[in-house]
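Novice: Let me give you the structure first, and then I'll get to my questions.
The values are calculated or read from the model by the stated rules, or taken from the named source; none is laboratory data. Quick caveat: nothing in here was measured; it's all calculated off a predicted structure. Cβ atoms come from the backbone with ideal geometry, glycine included; neighbour counts cover every protein chain shown.
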Ligand SMILES: Cc1ncc(COP(=O)(O)O)c(C=O)c1O
């Protein structure tokens, strides 16, 4: 049995398949004396338990009576009784629906997705402007793919990814990032996060129990490696990148780095440090994971090629569309050194049998037709404008602030003059004014096993200065300016 036509004035209607009514069958075969009450109890329980969801339209009393083999009067009576109790409601005209009074009984899925802070101005880094997602071009690519995809491509894919996408990506990455891109060693993954986990598992299987990470750095790296049973060893940075002495002394044989635009400090690894890092990797027979999370965005400096281009046998290179299109797509790539390739592909296979085919085919088309380059250019223009708005607003409202890491990426570091300290007081005032910011210290590892980069500079009297990581890509220039002004007002007014 299916329900009859909806009454749109009563809101959304749910359809019920015949299976849902089978739970009334035992009641329908109860002895005649108790049948009416049994039916009411069964219907009440079905609503209360959520098996009949709110706004589900019930069959007509005639249909249900026929289906259950009982008299229509019993069903009418049950409907009336449960309507009086609030379990059901009768709509305008004919029709009976499950009421909203028992809504809480229905299990509802909770949404645990990270959300924006809801602040008046939200400078928390990590998100691109999701309203710039190219919906029209994406929809066109989707239509094209669905029209042309051969049936066999809907089967399980090559765990490395569709050859068409790996070919397109290899060409794109070689051209844009200077990587040595062999499509045979490229694995399509669900983001840098999965690339990190895959490598973690592979390194763990080879006996590695520790991997070095930048300090300060992305908290993601610790969590992802921990999931693979690999501990992270925080290592200090200077203005050129990871400091070599502590790295050598640490005993680790692998490190994760963000050399194009270190997260969060924004420094670009110097040419010298890149060479030293690769020399070190060779000397310990180890590997470097290059997390190129925002390497697509560079504004006023000559593009740095990826580290991987200098030694593809020592560097695993990972990137994704999380900053260029949307993190929700969960789509990325990992280029692996030959020595790791087989193990990584096998891990990917046993993890999920490969990335979703339609998404891959769609993205391949998107790249092949130049849509991805167009999107990158569009974002680059918008983000440069936003970066400029942020830098000039900081100059205006926080004179003397040192703003660094501005040449690339989607966030900057603002080191404020000492008079704004101490940091806790500054952060409390800014938060009270409705501005969300993150200090660099939030990305510092608590455990400075091998010394640490001082994330907050020591000010006079030992007071730490205020160093903020300010994400700007998701905010239009007017919001950026208003947010910086708000932050300045909140911290200036109260200081008097
Ligand atoms: C430095 C860094 N690496 C990796 C990731 C995860 O990226 P993906 O969405 O590609 O898994 C993030 C997420 O924001 C990040 O900040």
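Novice: With the condition kept exactly as written, say whether any residue in the stretch 200-209 is within 14 Å of the ligand (Cβ to nearest atom), more than 29 Å from residue 466 (Cα to Cα) and in contact with a helix residue (DSSP H, G or I) (Cβ under 6 Å, 6 or more places away or on another chain).
Specialist: Yes, the stretch 200-209 has at least one match.
Novice: From the set of residues in the stretch 213-240 that are assigned to a strand (DSSP E or B), within 15 Å of the ligand (Cβ to nearest atom) and in contact with a helix residue (DSSP H, G or I) (Cβ under 7 Å, 6 or more places away or on another chain), which is nearest to residue 439 (Cα to Cα)?
Specialist: 213
Novice: Look through 319, 328, 332 and report the one residue that is surrounded by fewer than 17 Cβ atoms within 10 Å (Cβ to Cβ) and within 14 Å of the ligand (Cβ to nearest atom).
Specialist: That would be 328, the only listed residue that is surrounded by fewer than 17 Cβ atoms within 10 Å (Cβ to Cβ) and within 14 Å of the ligand (Cβ to nearest atom).
Novice: Here are some residues: 294, 300. Which one is within 13 Å of the ligand (Cβ to nearest atom), touching a residue at least 24 places away in the same chain (Cβ under 8 Å) and assigned to a loop (DSSP other than H, G, I, E, B)?
Specialist: So the residue among 294, 300 that is within 13 Å of the ligand (Cβ to nearest atom), touching a residue at least 24 places away in the same chain (Cβ under 8 Å) and assigned to a loop (DSSP other than H, G, I, E, B) is 294.
Novice: Enumerate the pairs (first residue in the stretch 187-207 and under 17 Å from residue 315 (Cβ atoms) and modelled with pLDDT of 95 or more; second residue anywhere and within 7 Å of the ligand (Cβ to nearest atom) and not in a helix (DSSP H, G or I)) with beta-carbon separation below 7 Å, excluding pairs fewer than 6 apart on the same chain, so at least 6 apart or on different chains.
Specialist: 189/332; 192/291; 192/293; 192/320; 192/332; 195/332
Novice: If a residue must be part of a loop (DSSP other than H, G, I, E, B), touching a residue at least 40 places away in the same chain (Cβ under 8 Å) and within 38 Å of the chain's Cα centre (by Cα), how many such residues does the stretch 48-103 contain? Walk me through it before giving the result.
Specialist: Step one: filter the stretch 48-103 for residues part of a loop (DSSP other than H, G, I, E, B), giving 49-55, 58-60, 69-71, 86-87, 91-95, 99-102.
Now narrow it down to the ones that are touching a residue at least 40 places away in the same chain (Cβ under 8 Å): 49-50, 52-55, 58-60, 69-70, 87, 91-93, 95, 99-100, 102.
Retained after the next criterion (residues that are within 38 Å of the chain's Cα centre (by Cα)): 49-50, 52-55, 99-100, 102.
Of the residues in that region, 9 qualify.
Novice: For the stretch 74-132, give me each residue that is under 30 Å from residue 262 (Cβ atoms) and modelled with pLDDT under 90.
Specialist: Result: 112, 113, 114, 115, 116, 117, 118, 119, 120.
Novice: Looking at the stretch 241-258 only, could you name the residues that are farther than 12 Å from residue 277 by Cα and either within 20 Å of the chain's Cα centre (by Cα) or in a strand (DSSP E or B) (or both)?
Specialist: If the condition is that a residue be farther than 12 Å from residue 277 by Cα and either within 20 Å of the chain's Cα centre (by Cα) or in a strand (DSSP E or B) (or both), then 258 is the only one that fits.
Novice: If you don't mind, another one. Do we find a residue being within 18 Å of residue 177 (Cβ to Cβ), surrounded by fewer than 21 Cβ atoms within 10 Å (Cβ to Cβ), touching a helix residue (DSSP H, G or I) at 6+ places or on another chain (Cβ under 9 Å) and at pLDDT 95 or above anywhere in the stretch 292-304?
Specialist: There is no residue in the stretch 292-304 that is within 18 Å of residue 177 (Cβ to Cβ), surrounded by fewer than 21 Cβ atoms within 10 Å (Cβ to Cβ), touching a helix residue (DSSP H, G or I) at 6+ places or on another chain (Cβ under 9 Å) and at pLDDT 95 or above.
Novice: Now for a different question. Output the residues belonging to the stretch 1-47 that are assigned to a helix (DSSP H, G or I) and at pLDDT below 85.
Specialist: Residues satisfying the conditions are 8, 9, 10, 18, 19, 20, 21, 22, 23.
Novice: So, residue 278, is that one away from the ligand (no atom under 15 Å from the Cβ), part of a helix (DSSP H, G or I) and either farther than 13 Å from residue 405 by Cβ or touching a helix residue (DSSP H, G or I) at 6+ places or on another chain (Cβ under 8 Å) (or both) or not?
Specialist: On the way: away from the ligand (no atom under 15 Å from the Cβ): yes; part of a helix (DSSP H, G or I): yes; either farther than 13 Å from residue 405 by Cβ or touching a helix residue (DSSP H, G or I) at 6+ places or on another chain (Cβ under 8 Å) (or both): yes.
So residue 278 passes the test.
Novice: Can you name the residue in the stretch 281-291 that is free of Cβ contacts under 8 Å to residues at least 40 places away in the same chain and farther than 30 Å from residue 378 by Cβ and, of all such residues, is nearest to the ligand (Cβ to nearest atom)?
Specialist: 288
Novice: Residue 243 - would you say it is under 22 Å from residue 308 (Cα atoms) and surrounded by fewer than 23 Cβ atoms within 10 Å (Cβ to Cβ)? Working first, answer last.
Specialist: Values: under 22 Å from residue 308 (Cα atoms): yes; surrounded by fewer than 23 Cβ atoms within 10 Å (Cβ to Cβ): yes.
Yes: the conditions hold for residue 243.
Novice: Return the only residue of 341, 393, 364 being in a helix (DSSP H, G or I), touching a residue at least 12 places away in the same chain (Cβ under 8 Å) and within 30 Å of residue 489 (Cβ to Cβ).
Specialist: Matching residue, one of 341, 393, 364: 393.
Novice: Let me ask another. Give the residue that is nearest to the chain's Cα centre (by Cα), with candidates limited to residues of the stretch 344-361 that are more than 16 Å from the ligand (Cβ to nearest atom) and not in a helix (DSSP H, G or I).
Specialist: My answer is 354.
Novice: Kindly indicate which of 144, 118 is more than 16 Å from the ligand (Cβ to nearest atom) and either in a loop (DSSP other than H, G, I, E, B) or in contact with a strand residue (DSSP E or B) (Cβ under 8 Å, 6 or more places away or on another chain) (or both).
Specialist: Matching residue, one of 144, 118: 118.
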